[in-house]
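This report concerns only the one structure given below.
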Amino acid sequence: MAGSNGSIDPSNVAVASGLGEVTVLLAALLAEARSDTIEVGVSDAYGREIVLDQFPVAGAKRVLAYRTGNGFDAFNAVTSPGSLLLPANEARLGLIVVNTGANAVILYLADQPRKGAVAVWLAAGGGSWDGRLGNVLWSGNVYAVAQTGATTLVGGEL
């Protein structure tokens, strides 16, 4: 910006120069913040356990882990005492359970179905649970206890 006599105002030059330095600094900070960003993907493809650098943007990484999963398409959940639906799995990355049957079911998150254990109720005909309690994925045992009669569950884990 010009000064009062048409000359360049040195204070404006200093401000513009400072803004340029801040922009460079912000870009460096963003690159550093993204360098620790890791996205985890799973696949049954043979290109397993690979790391994709600069994916999906510069500074980010994607780790592709080989997983075939453990699933069920017609698990018969019975009434008391119930059945072990999924054993504990400390490497579990994801989980889904859908009640496709005609009766409600309670999933007990414990070493056995018992009073006082964390329990998730699934409605008949489509009630589902994604394996999370808040933002935390459950990696322990899951027992299924049908409520008024046997029911069918579909789902699995990765």
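Tabulated data for the structure shown
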| read-out | value |
| --- | --- |
| Order of S43, S80 under a 10 Å beta carbon neighbour criterion, fewest first | S80, S43 |
| Of A27, N12, L84, farthest towards positive along the dipole that unit charges on Lys, Arg, Asp, Glu beta carbons give the chain | L84 |
| Inter-site label distance for S11 and A110 at 7 Å from Cα along Cβ, in nm | 7.2 |
| The chain - convex hull of alpha carbons, volume per residue in Å³ | 187 |
| Other-chain or far-sequence residues with amide H under 5 Å of F55's (modelled H) | A60, K61, R62 |
| Cβ-Cβ FRET estimate between D53 and L133, R0 fixed at 35 Å, reported to 0.05 | 0.55 |
| Local net charge near G41, Cβ-Cβ under 10 Å (Lys/Arg +1, Asp/Glu -1) | +1 |
| Residue among P113, P87, P56 with the largest mean-square fluctuation in a Gaussian network model of the chain, springs linking Cα atoms under 10 Å | P56 |
| Rounded to 5, the percent of DSSP beta bridges in the chain classed as antiparallel | 85 |
| About the Cα centre, charge dipole magnitude for the chain (Lys/Arg +1, Asp/Glu -1 at Cβ), debye | 540 |
| Nearest-ten-degree value, helix 10-35 long axis tilted from longest Cα axis of the chain | 20 |
| At 1.567 mPa s and 4 °C, Stokes diffusion of segment 70-157 via Kirkwood alpha-carbon radius, µm² per second | 103 |
| Total charge dipole magnitude, segment 70-158, about the Cα centre, Cβ charges on Lys, Arg, Asp, Glu only, Debye to nearest 20 | 220 |
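Rule-based calculations on the coordinates, nothing more; no lab input. Nothing here was measured: the structure is a model prediction, and the numbers come from that model. Cβ: placed from backbone, ideal geometry, glycine included. Neighbour counts: every protein chain shown.
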